[in-house]
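Engineer: Okay, handing you the structure first.
What follows is calculated from the coordinates using simple rules that are stated; it is not laboratory data. This one's a predicted model, so the numbers in the text were calculated from it and none came from an experiment. Backbone-built Cβ (ideal geometry, glycine too); neighbour counts: all protein chains shown.
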Amino acid sequence: MRSLWPGKLVLKGVLDVEDARTAATAGADGIVVSNHGGRQLDGASSTVAALPRVASAVGDRLEVLFDGGIRSGQDVLKALGRGAHGCLVGRAYLYGLAAGGESGVRKALDIIRDELEVAMTLTGTRDIREVSADVLA
């Protein structure tokens, strides 16, 4: 794929440490820790359980995004604390879209951002880049 596509290459559905390392070695720009909603295998590892191991395995060699039921700013803080560089919020924005169109999407994202700011304040976190596992204890 890398030789065929010169643009950003992000692989979704990574739950395994070796798969993450292979993606980094193969030249992927990022991975999405995701189990695709758990629809395929009911015994698959949860994304939140896999995230710390996967993120630790690739370090800063590629972007690690988290896709696993982000519904609030606290969920974002928890994912960042477990090693994600960012989060996907598919369901939240779809709820906003269904409820209010474009303005509903903005409102849903504003709510998550505001909740993240409150969670950061309550944990003494001043900079989003400084979120660590310490906020989870």
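Engineer: Would you tally the net charge around residue 110, using a Cβ to Cβ cut-off of less than 15 Å, leaving residue 110 out, and scoring K and R as +1, D and E as -1?
Structural biologist: Taking every Cβ under 15 Å from that of residue 110, the sum is 0.
Engineer: Same structure again: Please name which of 132, 108, 33 has its Cα lying farthest along the dipole of the stretch 14-137 towards the positive end, using unit charges on Cβ (Lys, Arg +1; Asp, Glu -1) and the Cα centre as origin.
Structural biologist: Of the options given, the answer is 108.
Engineer: Right, something else. Applying the Karplus parametrisation 6.51 cos²θ - 1.76 cosθ + 1.60 with θ = phi - 60° to the phi angles of the stretch 67-77, what ³J(HN,Hα) value in whole Hz is obtained for each residue in order, glycine and proline being reported as x?
Structural biologist: Going residue by residue, I get 10, x, x, 5, 10, 8, x, 5, 4, 4, 4 Hz, with x marking Gly and Pro.
Engineer: May I ask you to evaluate 6.51 cos²θ - 1.76 cosθ + 1.60, the Karplus curve with θ = phi - 60°, for each residue of the stretch 102-111 and list the ³J(HN,Hα) values in order in whole Hz, giving x for glycine and proline?
Structural biologist: Couplings: 4, 5, x, 5, 4, 5, 4, 5, 4, 4 Hz.
Engineer: Taking the Cα centre of the chain as the origin, how large is its charge dipole in debye, to the nearest 20, when only Lys and Arg (+1) and Asp and Glu (-1) carry charge on their Cβ atoms?
Structural biologist: In debye, rounded to 20, the chain gives about 220.
Engineer: Still on this structure, please answer the following. Just to be sure I understand, if you calculate percent of Cα pairs over 27 Å apart for this structure, which of (i) 40; (ii) 32; (iii) 25 do you get?
Structural biologist: Computed from these coordinates, percent of Cα pairs over 27 Å apart corresponds to label (iii).
Engineer: In debye to the nearest 20, how big a dipole does the stretch 51-110 give about its Cα centre with +1 on each Lys and Arg Cβ and -1 on each Asp and Glu Cβ? Display every interim value, and only then the final one.
Structural biologist: Details: 8 positive and 6 negative charges, 37 e Å.
Dipole of the stretch 51-110, to the nearest 20 debye: 180 debye.
Engineer: Any idea how far the Cα center of the stretch 73-92 sits from the one of the stretch 13-27, in Å?
Structural biologist: Cα centroid to Cα centroid, the span is 20 Å.
Engineer: When DSSP assigns beta bridges and you keep just the ones with both residues in the stretch 11-137, what percent turn out antiparallel, to the nearest 5?
Structural biologist: 0 percent
Engineer: Rank 44, 57, 79 by how far each Cα sits towards the positive end of the charge dipole of the chain (+1 on Lys, Arg Cβ; -1 on Asp, Glu Cβ) and give me just the farthest.
Structural biologist: 44
Engineer: Moving on. Counting helices only, and only those DSSP H runs with n ≥ 4, report the 222 nm mean residue ellipticity of the chain as the sum of -39,500 (n - 2.57) divided by its residues, in deg cm²/dmol to the nearest 500.
Structural biologist: -15000 deg cm²/dmol
Engineer: Residues with beta-carbon under 14 Å from that of residue 87, excluding residue 87: net charge, scoring Lys, Arg +1 and Asp, Glu -1?
Structural biologist: For residues surrounding residue 87, the net value is +2.
Engineer: Sticking with this one: In which sequence would 3, 56 go, from the one with the fewest C-beta neighbours within 10 Å to the one with the most?
Structural biologist: Fewest-to-most ranking of 3, 56: 3, 56.
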